[in-house]
Amino acid sequence: MDIIFLILYGLTAFVNIFSIHCEKHIVRFVSKICLVPIIVFYYIFKSDNLSFIIVIALFFSWCGDILLVNPVKFRLYTGILSFLAAHILYIFSFIDLTPELNITALIFSFLLVLLIESFFMTKLHIQNNYKFFVIIYGIVIGFLVISSLQVFIWHKSMAGILLAAGSFLFFISDMVLSYFNMIKIMTKNSLSVVMLSYIIAQACIVIGYMNI
């Protein structure tokens, strides 16, 4: 089952990245919306302790994938809201795995995330109608990273590493996406970085949560 999942997920990811460079938009769309369902089926059939929070989070991620392919204004807003919902659900699932907060790590990680996001906010040329969404999204993705680090402190295992790595890769994916959408023109290489980090992030979080 594990090998089948890795081959199928990896092949779909390869097709998606390859279609970006070849500008095969239909192939890119189809491969993108197949990624999350593959993870969902793997999680449902493989997990011994199924969490509906994770399943619902993956569902919202899938909705975001669909809505943010060639987004118009309405799809952009609803796509962002879908990913926000997914990240918030991941945060709740991480909090559930944390018996007690490590205050020192919490303060340090909060200040580090705040510093990184402050740097990006000063560099981004954000239109007024997007500012609210960008600020809220930045807060949520920051708390995702912070909460995953708390999990790692209590679960110093490969599963804890995967959860922290997945959250950090989500952070990278969103920061790169924001940078190239608002400062520079999105290129094939930058879009590939966004998608690759996103693809690996989803797999890391699901596999990590299954084995925690």
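No lab work stands behind these numbers, since they all come straight from the coordinates. All of these numbers come straight from a predicted model, not from anything done at the bench. Cβ atoms come from the backbone with ideal geometry, glycine included; neighbour counts cover every protein chain shown.
Based on the Cβ-Cβ distance from residue 24 to residue 95, what FRET efficiency comes out when R0 is 35 Å, to the nearest 0.05?
0.30
Cα convex hull of the chain: how many Å³ per residue?
Here the figure is 111 Å³ per residue.
Within the chain, how many Lys pairs sit with Cα atoms under 27 Å apart, leaving out pairs fewer than 8 places apart on the same chain?
18
Which order results if 118, 167 are arranged by neighbouring Cβ count within 10 Å, fewest first? Please list the in-between numbers first.
On the way: 118 11, 167 29.
Ascending number of Cβ neighbours within 10 Å: 118, 167.
Please give the FRET efficiency for residue 106 paired with residue 44, using the beta carbon to beta carbon distance and R0 = 30 Å, rounded to the nearest 0.05.
0.35
Taking Cα centroids, how far is region 90-111 from region 140-212 in Å?
Taking the Cα centre of each part, region 90-111 and region 140-212 sit 16 Å apart.
Just want the ordering: 62, 154, from fewest to most Cβ atoms lying within 10 Å of their own Cβ.
Least crowded to most crowded, the residues run 154, 62.
Take the Cα of residue 158, step 7 Å along the line toward its Cβ, and report every residue of region 1-34 whose backbone nitrogen sits under 20 Å from that point.
1-11
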